[in-house]
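Colleague: Let me begin by handing over the structure; questions about it come next.
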Amino acid sequence: MEPVVSVGCSQPVAALAPGASIWQDVLAQAITGELLAAMNYSSLAEMCEDPAEAEDAFEHAAGERGHATRFRTEARKIGVYAGDNVDARHWGRLRNAFLGCIRERDFIGCLIVQEIMLESFAVASYARVGKVAPGSLGKTFAAIAAEEEGHVDHAMSILRAERARDTAGFDEKVHRLHLEVMTTLAKMLAKDCKDGHCEVCHDQCVKPSLPDISLSAAELRGASLRQYLKTLDALGLPGEVTLQWVAQLPV
């Protein structure tokens, strides 16, 4: 899939409904995440030797592309064009982390990155956005959050079995990927963009404007990390250990 990088909107911001330019950036981030997930699942499908696993990954990729399309439809409803950039500063790092697992032909690593880390981020942030977004926009975010949670559930039995087979090795792998992936996700929702512009927001960083639509970066970050810890707990990782991992993430 070829990434599309767009930063414009369909009409001047002054002509839009209040908050539309903020939702434009929220949707751009969501669309970028969905397209990156589709690319990840497609890469996983191409790596799988089991035809059933490959077919399942291709189906997930199609589902993620469908989510991106639904978000684009919501953008058009409020009169904005929400672009995307899977090569952007943070999203590009997340893609590279997943591709590292692909190069190592590490199926379990791929599941940890996409199904546990990235999907925890999507489930929690979409659910929170769904509670405050108006009309069909809120309904779409809430519905997609529920669908993303199904991806996490799908992977749990596979990952639990892998951890039972080699607990120490599994936990070490999760920690290694945590340092790479969750550090990047934490930076995305940090209070300040210390690394510069994210390369997805169409103008300045949207985070300072989120309170205008009853959101905040801190709230989204907290919800995402709580969902992540909940998922790690369901896998059986020691809570005292994973809490330390999260406490050490950049703020």
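Colleague: Looking at (1) in contact with a helix residue (DSSP H, G or I) (Cβ under 8 Å, 6 or more places away or on another chain); (2) in contact (Cβ under 8 Å) with a residue 24 or more places away in the chain, which is the one condition that is false for residue 218?
Modeller: The number of the failed condition is (1).
Colleague: Could you list, in sequence order, the residues of region 101-134 that are β-branched (Val, Ile, Thr) and under 16 Å from residue 47 (Cα atoms)? Outline the logic, then answer.
Modeller: Residues of region 101-134 β-branched (Val, Ile, Thr): 102, 108, 112-113, 116, 123, 129, 132.
Of everything in region 101-134, those that are β-branched (Val, Ile, Thr) and under 16 Å from residue 47 (Cα atoms) turn out to be 102, 108, 112, 113.
Colleague: Residues 65, 76: which one is at pLDDT 90 or above, open to solvent by 50 Å² or more (accessible area, probe 1.4 Å), part of a helix (DSSP H, G or I) and closer than 20 Å to residue 203 by Cα?
Modeller: Just a single option satisfies the conditions, and that option is 76.
Colleague: Right, here's the next one. Of the residues 92, 135, 130, 150, only one is over 16 Å from the mean Cα position of the chain (by Cα) and either of a type in the set (Gly, Ala, Ser) or at pLDDT below 95 (or both); which? It would help to see each step written out before you state the result.
Modeller: Working: 92 fails: over 16 Å from the mean Cα position of the chain (by Cα); 130 fails: over 16 Å from the mean Cα position of the chain (by Cα); 150 fails: over 16 Å from the mean Cα position of the chain (by Cα).
One residue alone meets the criteria, 135.
Colleague: Only one of (1) open to solvent by less than 40 Å² (accessible area, probe 1.4 Å); (2) over 27 Å from residue 161 (Cα atoms); (3) assigned to a helix (DSSP H, G or I) is not met by residue 196, so which one is it?
Modeller: Failed condition: (3).
Colleague: Show the residue pairs meeting these rules: Cβ distance below 9 Å; 6+ apart or different chains; first residue within region 13-25 and at positive phi and modelled with pLDDT of 90 or more; second residue in a helix (DSSP H, G or I) and open to solvent by 30 Å² or more (accessible area, probe 1.4 Å).
Modeller: Between residues of region 13-25 that are at positive phi and modelled with pLDDT of 90 or more and residues that are in a helix (DSSP H, G or I) and open to solvent by 30 Å² or more (accessible area, probe 1.4 Å), there is no close pair.
Colleague: Residue 154 versus (1) farther than 14 Å from residue 31 by Cα; (2) crowded, with 16+ Cβ neighbours inside 10 Å: which is the lone unmet condition?
Modeller: Against the list (1) farther than 14 Å from residue 31 by Cα; (2) crowded, with 16+ Cβ neighbours inside 10 Å, residue 154 comes up short only on (2).
Colleague: Next question, about the same structure. What tally of residues in region 134-171 results from selecting those that are over 26 Å from residue 21 (Cβ atoms) and either β-branched (Val, Ile, Thr) or assigned to a helix (DSSP H, G or I) (or both)?
Modeller: Going through region 134-171, the residues over 26 Å from residue 21 (Cβ atoms) turn out to be 146-147, 149-171.
Next, from what is left, pick out any that are either β-branched (Val, Ile, Thr) or assigned to a helix (DSSP H, G or I) (or both): 146-147, 149-165, 167-171.
Total satisfying the criteria: 24.
Colleague: Taking only region 157-179 into account, find how many residues are modelled with pLDDT under 95 and surrounded by 12 or more Cβ atoms within 10 Å (Cβ to Cβ). Step through it out loud before you land on a result.
Modeller: So in region 157-179, the residues modelled with pLDDT under 95 come out as 157-158.
Now drop any that are not surrounded by 12 or more Cβ atoms within 10 Å (Cβ to Cβ), which leaves 158.
Count: 1.
Colleague: A further question follows. Given the residues 140, 167, which is the only one that is among the β-branched types (Val, Ile, Thr) and farther than 27 Å from residue 222 by Cβ?
Modeller: Working: 140 fails: farther than 27 Å from residue 222 by Cβ.
Just one listed residue meets the conditions, 167.
Colleague: How many residues are among the polar types (S, T, N, Q), open to solvent by 30 Å² or more (accessible area, probe 1.4 Å) and touching a Phe, Trp or Tyr at 6+ places or on another chain (Cβ under 8 Å) when one looks only at region 102-144? Quick ask: steps written out before the conclusion?
Modeller: Our first condition is that a residue be among the polar types (S, T, N, Q); within region 102-144, this holds for 114, 120, 125, 136, 140.
In the following step, the residues that additionally are open to solvent by 30 Å² or more (accessible area, probe 1.4 Å) were identified as 136.
Still in the list and also touching a Phe, Trp or Tyr at 6+ places or on another chain (Cβ under 8 Å): none.
Residues in region 102-144 being among the polar types (S, T, N, Q), open to solvent by 30 Å² or more (accessible area, probe 1.4 Å) and touching a Phe, Trp or Tyr at 6+ places or on another chain (Cβ under 8 Å): 0 in total.
The values are calculated or read from the model by the stated rules, or taken from the named source; none is laboratory data. Treat the numbers as computed from the prediction; the structure is a model and nothing was measured. Quick reminder, even Gly has a Cβ in these numbers, built from the backbone with ideal geometry, and neighbours come from all protein chains shown. For accessibility, only protein heavy atoms count, side chains too; no ligands or nucleic acids. Shrake-Rupley method; radii C 1.70, N 1.55, O 1.52, S 1.80 Å.
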